[in-house]
1. Between R160 and Q54, how many nm apart are label points set 7 Å from Cα along the C-beta direction?
2. Using 23 Å as the Cα-Cα cut-off, could you pick out the over-long pairs in K141/K195; K61/K105; K85/K105; K105/K141?
3. Provide, as a two-decimal number, the C-alpha radius of gyration of region 95-249 over 2.2 N^0.38 Å, N being how many residues it has.
4. Please give the FRET efficiency for A224 paired with S66, using the beta carbon to beta carbon distance and R0 = 25 Å, rounded to the nearest 0.05.
5. If you take the square roots of the eigenvalues of the alpha-carbon gyration tensor of region 158-249 and sort them as a ≥ b ≥ c, do you get rounded (a/c under 1.5), prolate (a/b over b/c) or oblate?
6. Give, in nm to one decimal, the length gained when the segment between T191 and T242 is fully stretched (0.36 nm per residue of separation minus the Cα-Cα distance).
7. Given a 1.4 angstrom probe, I'd like the percentage of the accessible area of region 66-106 that is carbon and sulfur, rounded to a whole number.
8. Counting pairs of alpha carbon atoms under 8 Å apart in space and at least six apart in sequence, what relative contact order in percent does region 71-182 give?
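The values are calculated or read from the model by the stated rules, or taken from the named source; none is laboratory data. Just so you know, these numbers come straight off a predicted model, no measurement behind them. Heads up, the Cβs are rebuilt from the backbone with ideal geometry, glycines too, and the neighbour counts pull from every protein chain shown. The area values use the complete protein model at the heavy-atom level, side chains included, leaving out ligands, DNA and RNA. Shrake-Rupley method; radii C 1.70, N 1.55, O 1.52, S 1.80 Å.
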Amino acid sequence: MRYKNRHILYGIIILFLLVFILWISYFVYIELIRPNRNDRHHITQSSAKEEIEQNKLFVEKSFVFSAPYMKDQQLNFPMINLNSKDAETANQQIRTQYENLYQEKTQLTEIGQNVISKYQYHVHQDILSILIYIQHRENGKVTYSYMTYHFYLSSGNFVRYQDVYQAAGIYDFNIEYRVEEALHQWIDTNTQLTKEEKNQFVENMMTEYRNEVANGSLRYYLDADHHLNLVLPIQMPNEVETTDQLFVI
């Protein structure tokens, strides 16, 4: 009887190990092998490219170029070259931000402070991702704020957050884990907080992240290395000021 029970126990252990190995193999496949297999960064079919080119406002220009209304070389803002309602809305928002910063810069220059801005963009298959970063220099302190936009080149419409992180090789089941991991790495590297303070920081940031995903205000960017970048407002312990921070996921 003991001999029989022993074989049953061994069978259960072997079955558990096989299931565990299969789970690990599946995880490696979706995290490493599958994203690389489908990793095509540019539109390769000429007919598709020609169709997308027709969605431009100005055929001779790229999908993003320096806005023609700029009057200050240190304030470099983009114009989105897509013929769509969503692109028109984004261009209006960008111009309004430029006008506000131009007025702010005039006042700051008088007291020895400054504000500058730049932008970058990247095309991943059908997704155009744009990041505008604004540097504020006040009283010897430098802080950043960010604006982000994403468009389908084929339609000119805004891109869903889910489509952007999936383009970065991240899946629905592990997106929150990846965000939380990036927050832990950042707080461990950039602060001297206690373990309890770090855990509380990450918990607060995850709450902020979930709220912004739910209300559609989350800012994100797909960079040239096809990494997802998130912009989240952070407030360090014992500090009143909230500043934007870019996290690579």
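1. About 2.6 nm separates the two model spin labels.
2. Check vs 23 Å cut-off fails for K141/K195; K61/K105; K85/K105.
3. Here the answer is 1.14, to two decimals.
4. The calculated FRET efficiency here is 0.85.
5. Prolate is the answer for region 158-249, as a/c is 1.5 or above and a/b outweighs b/c.
6. Computed gain between T191 and T242 is 16.8 nm.
7. Answer for region 66-106: carbon and sulfur cover 41 percent of the accessible area.
8. Worked out over region 71-182, it gives 22 percent.
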